[in-house]
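This report concerns only the one structure given below.
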Amino acid sequence: MTMNNSKLKRERHPMPDFVKTALQSRGLGEAYAQRPAYQQNDYIGWITQAKKPATQEKRLKQMLDELEVGGIYMKMPHPASAKPRR
């Protein structure tokens, strides 16, 4: 789950342990790693910049749910990450 941020020009956010643990426990590490570096960085920054723990949890859940479903990024369509229908 290493971020390829070599092309990022904005502040880089390190992944906190609680996010890494949540990705691993839901089996979403690969889905996270397949997202572009800017999305990985944006998700982490968005989660960690929340002031209240409840808000961090809400944002973490949204990220995990979006990764699980695929095709969504920050509540917007993201066709490149859509999962094939069965």
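The numbers here are math on the coordinates, done by the rules we state, and not lab data. This structure is a prediction, so every number in the text was calculated from the model and none was measured. Note that we place each Cβ from the backbone using ideal geometry, even for glycine, and neighbour counts take in every protein chain shown.
Structure above, values below:
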item: Trypsin sites (Lys or Arg not before Pro) lying in DSSP loop within the range 1-85, provided at most 13 other Cβ fall within 10 Å; result: 7, 9, 10, 12, 51, 75, 85
item: Per-residue [θ]222 nm for the chain (sum of -39500 (n - 2.57) over DSSP H runs n ≥ 4, rounded to 500); result: -15000 deg cm²/dmol
item: For the range 44-61, 3J(HN,Hα) per residue [Karplus equation, 6.51 cos²θ - 1.76 cosθ + 1.60, θ = phi - 60°, Hz, x = Gly/Pro]; result: 5, x, 4, 5, 6, 7, 5, 7, 9, x, 5, 5, 4, 4, 4, 5, 4, 4
item: Read-out Cα Rg over 2.2 N^0.38 Å, derived from the coordinates shown; its label in (i) 0.97; (ii) 1.22; (iii) 1.04; result: (iii)
item: Test item: Cα-centred dipole of the range 17-80, Lys/Arg +1 and Asp/Glu -1 on Cβ, debye; result: 260
item: Relative contact order (%) - criterion: Cα under 8 Å, at least six apart; region: the chain; result: 24
item: Pairs of lysine residues in the chain - Cα separation under 24 Å, sequence separation of 8 or more or cross-chain; result: 18
